Each structure stands twice: as C-alpha cells, then as structure tokens.
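S.K.: For reference, the structure I am asking about is given below.
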There are 2 protein chains.
Amino acid sequence: MKISELSECSGVSIASIKFYQREELLPEPERTSPNQAQYDTQHVDRLRLIRALVDVGGLSVATVRTVLAAAESDIPMDWAMGVAQRAIPGSVELPATTTRGVSEIDTITETLGWKVSPDNPGRGMAARVIDSYVQLDHEEILSVLPEYSRAAMIVAAADLASVGLQPSRMRMSETVVVGTVLGDSLFAGLRRMAQEDEARRRYAQVQS
Amino acid sequence: MKISELSECSGVSIASIKFYQREELLPEPERTSPNQAQYDTQHVDRLRLIRALVDVGGLSVATVRTVLAAAESDIPMDWAMGVAQRAIPGSVELPATTTRGVSEIDTITETLGWKVSPDNPGRGMAARVIDSYVQLDHEEILSVLPEYSRAAMIVAAADLASVGLQPSRMRMSETVVVGTVLGDSLFAGLRRMAQEDEARRRYAQVQS
C-alpha cells in the first residue's frame, strides 16, 4: 500500500510516519520506483505498537527505540521485560539514605522470598508511599502491606499469563508497557468499586 | 498556644492558618483578649488533616469543606466514605453510551455480586481502560479481569479494616482519602516488584 493508505489504515498522519521512518523506528518500505514506496501489514502493526507506547505508555521516541531494540534482540525474556517495565515514566528514585519505607519494603520482599533487583522501579514507588504515610502520622496503614503484597502477586501472575499469550517478543513487550500503564488504572477502578461494596457490607443499614 | 506556635508545631504558615480560619475549615480559637487567640491540639490535628487532603489528596479547599462536613455529620458511615472517595480528583466520566468497557465492567460486577452505585468513580476508570485495550487491539488482556477483581477485593478488605482502626469519623475520612490516593501508588509499586519476581520464575535461566 502507499503511504497515504498506510496513514488512513493506521490513523497515523503522513508526517508522523515519515518522522518515525527517519528515526528508524519503522522498517524501510519496499521501493517499487524512485518515488514510490510500498508498505505492508508489518508497517501497520509497528505503527500501532509505536502509538501505544507513545500515547498510552507516555514513552519518548528515544525510549521507544530502546524498548524495540530489547524486544528484537535475543537477550533473555525476563531482561527484555525489565527494559520495557523500566521504560515507563513515573518511576520514583530511591531516597539516598535507607528510609523507613525502604526498610519496610525490603523486609516484606525478603519475607515473601521475592527476587527483585535493587533498581526495580516499584521499589522506590512503594518506599516513598510508606515514607509519606509515616510523615502523615498514618503508620497504622502499614498493616495493609501483607494483603497488598498478596493481591500484587495475583495481579502479577495474571499479567505474566497475558504476556505469555502473545505470539511474538515484539507484541510481548508491547503488552508489558500497555498492560503496566493501563493495568494500574484498571486495578484502581476495580479497587474503588470493591471498596464501596465492602463499605456497604460493613457499615450500611439494611437498605430496601 | 499562640498562632506562631501553632504554625511551628504544624509546619503550616501563619498566612495559611488565617486563610483556613476565614474559610471556616479550622475551628475558632479561644479569645483570651481582643488581640490574643489560644489554639490547642484539636487545631494541630485539623491542620494536619487539611494538609493531607490538599497535598496528598489534591483536594480543593471547597472539596475539603464537603469532606469535613460529611465526616462531622451523622449520615451513615458508608455514605460519608462515599463522599470522601468521590472527592478525590481524577475520576473519569462514564461514556455517554454503553461502550464495551461499561458492559464488561457491569457484567463482572454482577457476576461477583458487588453492590456498586452507577456513579462510583471506579466504574468509569475501569470502563475507559477496557475501551482503550479494545481500541489498541489488546482484547486478550481482558482475560485478567477475574483475577484483578479478586485482588481488588483483598485490597478493599484491607483498606476498610485500616479505616475501621481509626478512632474518629474525622480520622476515618482522612484515612479514606489518604489511603485511596497513596494506596494506588503503593499497589502499583508492589505490582512491579511482583512482576519481576514472576518473570524470573517464568523466563529466567538459572542464574548463579
């Protein structure tokens, strides 16, 4: 198909397609004549992947290149997944010193026997939340940690099972990025609904 | 204590204390002379609550007033919790029509027997995520819905248990707002760590 058809088919503007091509995110099309390039379904798929990473994942073009390179290489799958996971913006730097939050998170990780790299982006996120709880004089909320961790294991197992359903490494990396970003919102939504149901059970008078 | 001491003790500036007082978020101090007001620990506690709702919850001053009024009134506890939950910004409007996402969410809610109001803020959040998955041609990620819901019930039960530990309705509402906002990040962090652990189990070669 011609670039105009590719644009229509993928919903990506011709200018963006040319930009991704210059940035080498998109494979070269077949040249049927000096002024005529032929695109096919691999270009449609790749454009969909790039848009998902940029629009949903919030990745920069440079980071998209890193994720694609990891997906295309033959590094071990868990490493490629780590690259995708770490590419997502919003990671929180670990505090320079070992705060209460860091030690609480490391304790629970050890108790559960999780093998997690020191630079896992979730470690800083979780540690910072705990430090905020402590600062707000809400230490008692820490009592939720074991149940939260148990729920996180259920969600992670479901996440990895859905990644395992994907037909290619490229699509697996896409699933990690899209699923990590959207999965946070999906879980947050379900949590609010489950909270209302649980609150009714605990506090509601009989409602007719 | 004097206003200068209250400011030091709470970390809130004198200007902000006066502003909250004018906005009637802070109880009137005792007047010991026309130019001298005496504050006590109830003012320290209330300031901490206001700062938590504003800084962590992202609530506007008008919304803080609504949440405080609900916490102070004698409306049923589950209703007061609903007010706190709905006060948090970032809720997503339901699409005007019944999209695929809305019907998927309503189906799972019915299957699980959850009692959830149509305007629960999580319903729109979850429905929008599902609509995004479908648009991105990632329908297969919907297979995670039952496990996500099961995990959400575990987290919601832990959330409500920690709310139940609070000594007053005021503090319960604070816990709902702080716990809902921070809890999303805490869970997101633990999920990333659990994903890495799960990925290692599934994909890693023996590492020595």
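The values are calculated or read from the model by the stated rules, or taken from the named source; none is laboratory data. Remember, it's a predicted structure, so these values are computed and weren't measured experimentally. Here the Cβ positions follow ideal geometry from the backbone for every residue, glycine too, while neighbour counts run over all protein chains shown.
S.K.: Only one of A:Asp159, A:Asp119, A:Asp131 is without any contact (Cβ under 8 Å) to a residue 60 or more places away in the chain and facing chain B (nearest Cβ under 7 Å); which?
M.R.: Being without any contact (Cβ under 8 Å) to a residue 60 or more places away in the chain and facing chain B (nearest Cβ under 7 Å) holds for just one of A:Asp159, A:Asp119, A:Asp131, which is A:Asp159.
S.K.: Let me ask another. What number goes with the only condition from (1) over 18 Å from A:Arg171 (Cβ atoms); (2) in contact (Cβ under 8 Å) with a residue 24 or more places away in the chain; (3) at the interface with another protein chain (Cβ under 8 Å from one of its Cβ atoms) that A:Thr109 does not pass?
M.R.: Here A:Thr109 meets the rest and fails (2).
S.K.: Same structure, new question: Name the one entry in A:Thr111, A:Thr175 that is at pLDDT 95 or above and in a helix (DSSP H, G or I).
M.R.: None of the other options fit; the residue is A:Thr111.
S.K.: While we're here: So B:Val178 ticks every box in (1) free of Cβ contacts under 8 Å to residues at least 60 places away in the same chain; (2) facing chain A (nearest Cβ under 7 Å) but one. Which box is left unticked?
M.R.: B:Val178 satisfies all of (1) free of Cβ contacts under 8 Å to residues at least 60 places away in the same chain; (2) facing chain A (nearest Cβ under 7 Å) except (1).
S.K.: Separate question: Give me the pairs, please: first residue somewhere in region B:74-85 and of a type in the set (Asp, Glu), second residue anywhere and surrounded by fewer than 20 Cβ atoms within 10 Å (Cβ to Cβ) and outside any helix (DSSP H, G or I), beta-carbon distance under 6 Å, and either six or more positions apart or on two chains.
M.R.: B:Asp78/A:Ala204
S.K.: Have a look at B:Val144, B:Val163, B:Val129 and point out the one that is more than 27 Å from A:Arg51 (Cβ to Cβ), surrounded by 19 or more Cβ atoms within 10 Å (Cβ to Cβ) and not assigned by TED's automatic domain parsing to the domain that holds B:Leu25.
M.R.: Of the residues listed, the single one that is more than 27 Å from A:Arg51 (Cβ to Cβ), surrounded by 19 or more Cβ atoms within 10 Å (Cβ to Cβ) and not assigned by TED's automatic domain parsing to the domain that holds B:Leu25 is B:Val163.
S.K.: Regarding A:Pro146, is this residue outside any helix (DSSP H, G or I) and more than 7 Å from chain B (Cβ to nearest Cβ)?
M.R.: no
S.K.: Within region A:164-171, is there a residue that is modelled with pLDDT under 85, within 27 Å of B:Pro89 (Cβ to Cβ) and either touching a Ser or Thr at 6+ places or on another chain (Cβ under 8 Å) or of a type in the set (Gly, Ala, Ser) (or both)?
M.R.: Checked region A:164-171: no residue is modelled with pLDDT under 85, within 27 Å of B:Pro89 (Cβ to Cβ) and either touching a Ser or Thr at 6+ places or on another chain (Cβ under 8 Å) or of a type in the set (Gly, Ala, Ser) (or both).
S.K.: Let me ask something else. From (1) more than 15 Å from A:Val176 (Cβ to Cβ); (2) part of a helix (DSSP H, G or I); (3) outside the structural domain of A:Asp131 (by TED's automatic domain parsing), pick out the condition that doesn't hold for A:Glu28.
M.R.: If we test A:Glu28 against (1) more than 15 Å from A:Val176 (Cβ to Cβ); (2) part of a helix (DSSP H, G or I); (3) outside the structural domain of A:Asp131 (by TED's automatic domain parsing), just (2) comes out false.
S.K.: Name every residue in region B:52-79 that is facing another protein chain (nearest Cβ under 9 Å) and of a type in the set (A, V, I, L, M, F, W, C), in order of residue number.
M.R.: Matches in region B:52-79: B:Ala52, B:Val56, B:Met77, B:Trp79.
S.K.: Just to check your reading of the model, which residue among A:Thr109, A:Thr99, A:Thr180, A:Thr175 is buried (at least 19 other Cβ atoms within 10 Å of the Cβ), of a type in the set (Val, Ile, Thr) and farther than 30 Å from B:Asp137 by Cβ?
M.R.: Just one listed residue meets the conditions, A:Thr109.
S.K.: Before we move on, is B:Ala80 modelled with pLDDT under 85, more than 30 Å from B:Tyr133 (Cβ to Cβ), assigned by TED's automatic domain parsing to the domain that holds B:Val163 and surrounded by 20 or more Cβ atoms within 10 Å (Cβ to Cβ)?
M.R.: yes
S.K.: What are the residues in region A:31-52 that are among the hydrophobic types (A, V, I, L, M, F, W, C) and either in a loop (DSSP other than H, G, I, E, B) or farther than 16 Å from A:Val67 by Cβ (or both), if any?
M.R.: A:Ala37, A:Val44, listed by residue number.
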